[in-house]
Structures are given as structure tokens and as C-alpha cells.
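The values are calculated or read from the model by the stated rules, or taken from the named source; none is laboratory data. All of these numbers come straight from a predicted model, not from anything done at the bench. Counting neighbours? That spans all protein chains shown, and the Cβs are built from the backbone with ideal geometry, glycine included. For the accessible areas, the whole protein counts, side chains as well, though only heavy atoms, and no ligand, DNA or RNA atoms are used. Shrake-Rupley method; radii C 1.70, N 1.55, O 1.52, S 1.80 Å.
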Amino acid sequence: MTIPKKASLFAMLIMIMLVAAACGDKADNTATTDDSTGTETTAGTDSETTNTEDTENTEPANAEDKGTDNTKDVELGNTEKGSYTNDYFGVSLKFPEAWEFQDAAGMNELTNASSEAIAGDDETKKKQIELSQTKTLNLLMASKYPLDGGQIGPSAMAIAEKVSLLQGIRTGKDYLKATKKFMEDSQFPYDYKEMTTETIGGKKMDLMQITMDAGDGTTITQDYYSSIIEGYAFNFIFTYLGDETKAEIDTIKKSVQLK
């Protein structure tokens with residue numbers, strides 16, 4: 001399926017929209033790659049993800065986080081052919097082995113490349129995106145088709161952004177509301193369904209579903225799942241078109257495990 005370049009860009013690099021949704025504490029998203037088939041990276045300790053001025057702002061996001069040991073390593077996880085695991089966030093999932101995938105370094109490159117297209121000449125938006133990138137962990141990008149083509153298909157992403165109570169971000173729903181506002185202010189061509197809650201991987205996550213006309217009568221659907229884990233807004237973004245590709249995404253969702 002070939003769709004307009006603009007629609008393809010928005011659909012395949014959707015992470016930049018969620019990445020730019022909120023402002024707050026800074027997180028280190030530096031990554032290193034072990035080999036071409038898998039990557040396991042860490043981003044230092046959680047106490048190192050904020051600077052001295054932000055220390056007072058990094059309060060637990062909910063009651064469940066109050067007993068968290070913030071000295072353990074923040075990691076970007078291990079991406080291999082057909083699977084992703086992350087011990088820090090307690091998440092694992094499987095995706096088709098034939099799918100393309102990007103490690104954290106590759107996702108950072110894509111994010112940087114797409115930020116100019118999203119912000120355009122808007123200097124305020126550029127600064128907002130740049131700030132958010134400094135505190136966001138790009139974790140996983142897996143897609144059925146290469147990202148540099150015009151063919152759009154199902155994909156799965158995971159990202160996490162450092163948040164605090166002082167931002168007013170206490171739940172995944174709060175984070176999704178900030179995301180929606182950014183999208184609406186940016187006039188993205190989306191339709192939004194009412195936010196709901198769904199259990200995925202044994203954990204309740206808030207869900208925002210959006211749709212976009214691909215330009216040829218096809219509808220692109222994206223499901224945004226968000227929950228506060230270890231002081232981060234942890235997010236899954238699943239993209240699909242029609243029942244066949246939705247079935248592929250449903251299989252991935254069923255494989256998710258969250259501790």
C-alpha cells in the first residue's frame with residue numbers, strides 16, 4: 001500500500017508526537033549498541049536522570065511508587081529478533097521475527113530527523129520537542145515494513161518519559177491528555193475516541209485511540225497505552241490498518257508481560 005508521504009511520516013514516526021507532549025524532569029536517553037541483532041543498554045541510575053535543580057521535582061507519581069528503590073539502573077532494554085525485554089520497567093513482549101526493528105540509537109536518529117518536519121518554523125515547538133527529547137527513553141520500534149519506504153503497516157513502539165507530581169502527571173490518563181493537547185494544538189489530522197482503561201500484560205493501562213485517513217480510503221488506527229512506572233510515563237503505541245493487521249497487533253498485545 002502506498003500512501004501520501006506526509007501521512008506516512010506521521011504514521012511511522014508517531015513517537016515524536018508523544019515525546020513532545022509534556023515538560024518536566026530531564027532523563028538521559030543515551031544508548032549503546034552491542035551487536036546488529038540485539039542491543040542491551042542502560043541509561044545510568046534513576047537518581048542520575050535529573051539534574052540538581054530538578055531533584056525536588058522527581059516525586060513518586062503514585063502511591064505504588066513511594067517504596068521504589070531509585071538507585072537501580074535505568075535501562076533501555078534488550079531488543080532482539082522477535083522480542084524485547086526491559087528489567088527496569090518489568091516489561092517483555094514478542095513480535096514477528098520477520099519484522100524490522102530499531103534499537104534506541106536508531107530510534108533517536110529517527111526522532112531527530114522527524115522533529116524538523118513536525119515543528120517546521122515554529123521555534124517554540126522546536127524548543128518544546130528538544131526539551132522533551134532530553135528526558136525521554138526511546139525503547140522499542142518494531143514494524144512490518146521498513147521505515148524509509150512509503151508502505152505503511154502494523155508497528156509496535158515503547159517509550160518512557162520522566163514525569164513528576166509537579167507537572168500534574170499522576171496517571172497514564174493525565175499523560176495522554178497532555179499528548180492529545182499537543183496533537184490538537186499542532187493540528188494533526190486525527191479523530192480521537194474517548195479514553196478508556198484496558199488490562200494489558202496483567203496491568204491496567206490508560207488507552208487513547210486515534211484514527212487518521214491515509215488518503216486512499218484506508219484508516220490508520222493507533223492505540224496509545226500509558227501507565228506510570230518507576231516515575232516514568234511508560235507508553236506502548238500500536239499502529240494497524242484494517243482487521244488483518246489488527247490481528248497481528250492483537251497477537252503482540254497478548255504476548256506483553258508487565259510485572
Check: Any idea how many residues of the stretch 147-162 are open to solvent by less than 60 Å² (accessible area, probe 1.4 Å) and more than 14 Å from the chain's Cα centre (by Cα)?
Finding: 6
Check: When only residues in the stretch 142-158 that are aliphatic (A, V, I, L, M) and modelled with pLDDT of 90 or more count, which is nearest to residue 244 (Cα to Cα)?
Finding: 156
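Can you name every residue in the stretch 181-191 that is open to solvent by 60 Å² or more (accessible area, probe 1.4 Å) and not polar (S, T, N, Q)? Walk me through how you get there before you give the answer.
Taking the stretch 181-191 and keeping what is open to solvent by 60 Å² or more (accessible area, probe 1.4 Å), we get 181, 184-185, 187, 189, 191.
Within the stretch 181-191, 181, 184, 185, 189, 191 meet the criteria.
Based on this model, can you work out whether residue 75 counts as open to solvent by 10 Å² or more (accessible area, probe 1.4 Å) and either modelled with pLDDT of 90 or more or assigned to a strand (DSSP E or B) (or both)?
yes
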Notebook entry, point to check: How about the stretch 172-219: which of its residues are closer than 24 Å to residue 91 by Cα, in a loop (DSSP other than H, G, I, E, B) and under 18 Å from the mean Cα position of the chain (by Cα)?
Noted result: 195, 201
Notebook entry, point to check: Pick from the stretch 85-112 the residues that are farther than 25 Å from residue 259 by Cα and at pLDDT 90 or above: which of them is surrounded by the most Cβ atoms within 10 Å (Cβ to Cβ)?
Noted result: 99
Next item on the list: Kindly provide the set of residues from the stretch 213-233 that are open to solvent by less than 10 Å² (accessible area, probe 1.4 Å) and closer than 17 Å to residue 155 by Cα, ordered by number.
Entry: 214, 220, 222, 223, 224, 225, 226
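Scan the stretch 234-245 residue by residue and report those that are touching a residue at least 40 places away in the same chain (Cβ under 8 Å) and either open to solvent by 10 Å² or more (accessible area, probe 1.4 Å) or closer than 18 Å to residue 87 by Cα (or both).
234, 235, 236, 240, 241, 245
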